[in-house]
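The values are calculated or read from the model by the stated rules, or taken from the named source; none is laboratory data. Since we're looking at a predicted model, the values are computed, not measured. Glycine gets a Cβ as well: all are built from the backbone with ideal geometry, and neighbour counts include every protein chain shown. Surface accessibility is based on the protein's heavy atoms, side chains included, excluding ligands, DNA and RNA. Shrake-Rupley method; radii C 1.70, N 1.55, O 1.52, S 1.80 Å.
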Amino acid sequence: MRRIVFLGPPGVGKGTQAARLSRELGVPHLSTGDLLRSAVAARTPLGREADGHMRAGRLVPDDLVLRILKDRLGAPDAQAGFLLDGFPRNLAQAEALARLTVVDVVVSFDLPSATLIERLSSRRWCPKCQSTYNLVSQPPRAAGRCDKDGAELVQRPDDRPEAVATRLKVYAEQTAPLLDHYRGAGRLRPIDASGSPDEVAARVRAAVAEGSRGQVL
Ligand code: AMP
């Protein structure tokens with residue numbers, strides 16, 4: 001069983017690595033940010049409620065996120081394992097997750113905040129399929145266009161500098177305490193998230209293998 005959580009500040013590369021590892025392990029990549037952005041784009045009542053919080057860089061209220069996560073975790077493809085990206089983000093969410101399922105390993109990604117800010121400012125996003133690019137390290141093949149569907153790439157509203165400052169503060173205050181929580185539970189595998197996507201992927205693989213050792217896979 002592979003029930004994996006990726007923990008780390010915005011811009012650290014969790015989403016990119018989660019997409020890769022999800023393909024390698026054959027378990028679904030569950031990103032609460034992606035699920036919320038889809039709800040916003042579809043203008044569902046939940047999406048409309050989440051939109052303002054997201055634009056400002058604040059956390060969306062726990063009850064909304066939990067509703068969306070419970071649905072996704074209950075889907076048939078998540079029964080043999082999953083890779084959670086962006087959840088939990090505070091202690092109450094970690095406790096709610098523990099009531100829903102067991103977590104085998106928590107990989108935490110670490111990077112200095114100056115590098116995070118640099119990465120977020122050069123990040124571009126496809127509003128159609130949610131693929132992410134970086135103008136410096138991972139540019140699209142054709143400038144300004146998504147490789148997968150040709151849609152015009154944009155900057156996510158919450159990647160603008162005002163929202164980035166709030167997101168980093170929210171991470172430090174609400175999400176970073178989860179590191180101690182999972183360390184205490186013996187589940188935490190910290191990795192250095194600097195370097196190329198290939199270098200980071202090798203560290204992620206090693207962390208997951210080490211974290212899963214001795215467990216029934
Ligand atoms: P992300 O794509 O993970 O950076 O998430 C983008 C935004 O979605 C966050 O800044 C929050 O506003 C919201 N969000 C995503 N996941 C959660 C969560 N687990 N709890 C609360 N808000 C979330």
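Brief remarks on what is shown
- Odd one out for R160, checked against (1) within 21 Å of T115 (Cα to Cα); (2) surrounded by 15 or more Cβ atoms within 10 Å (Cβ to Cβ): (2)
- Matching residues, the range 8-61, being within 11 Å of the ligand (Cβ to nearest atom), open to solvent by less than 20 Å² (accessible area, probe 1.4 Å) and touching a strand residue (DSSP E or B) at 6+ places or on another chain (Cβ under 6 Å): G8, V12, A18, L30, S31
- Filter pass, L83 being open to solvent by 20 Å² or more (accessible area, probe 1.4 Å), within 14 Å of the ligand (Cβ to nearest atom) and either at pLDDT 95 or above or of a type in the set (V, I, T) (or both): no
- Taking first residues from the range 194-207 that are closer than 16 Å to P139 by Cα and partners that are not aliphatic (A, V, I, L, M), the Cβ contacts under 6 Å between residues at least 6 apart in sequence or on separate chains come to P197/T16.
- Between K148, K169, the distinction of being under 21 Å from L36 (Cβ atoms) and either touching an Asp or Glu at 6+ places or on another chain (Cβ under 6 Å) or within 16 Å of the ligand (Cβ to nearest atom) (or both) belongs to K169 only.
- When we screen R124, R48 for residues that are basic (K, R), under 18 Å from P10 (Cα atoms) and more than 14 Å from the chain's Cα centre (by Cα), the only hit is R124.
- Of the criteria (1) over 30 Å from A202 (Cβ atoms); (2) within 14 Å of the ligand (Cβ to nearest atom); (3) aliphatic (A, V, I, L, M); (4) free of Cβ contacts under 8 Å to residues at least 12 places away in the same chain, which one V65 fails: (4)
- Odd one out for D147, checked against (1) open to solvent by 40 Å² or more (accessible area, probe 1.4 Å); (2) not in a loop (DSSP other than H, G, I, E, B); (3) not small (G, A, S): (2)
- Yes/no for R99 being part of a helix (DSSP H, G or I), within 9 Å of the ligand (Cβ to nearest atom), more than 23 Å from A19 (Cα to Cα) and open to solvent by 10 Å² or more (accessible area, probe 1.4 Å): no
- Listed by first and then second residue, the pairs with beta-carbon distance under 6 Å, at least 6 apart or on different chains, first residue in the range 110-131 and without any contact (Cβ under 8 Å) to a residue 24 or more places away in the chain, second open to solvent by less than 50 Å² (accessible area, probe 1.4 Å) and part of a strand (DSSP E or B), are S122/N134.
- Qualifying residues in the range 151-166 (those that are in contact with a Lys or Arg (Cβ under 7 Å, 6 or more places away or on another chain) and assigned to a helix (DSSP H, G or I)) - the one nearest to the ligand (Cβ to nearest atom): D158
- From R205, R189, residue being modelled with pLDDT of 95 or more and in a strand (DSSP E or B): R189
- Of the residues in the range 128-143, at least one is farther than 30 Å from R2 by Cα, surrounded by 14 or more Cβ atoms within 10 Å (Cβ to Cβ) and not aliphatic (A, V, I, L, M).
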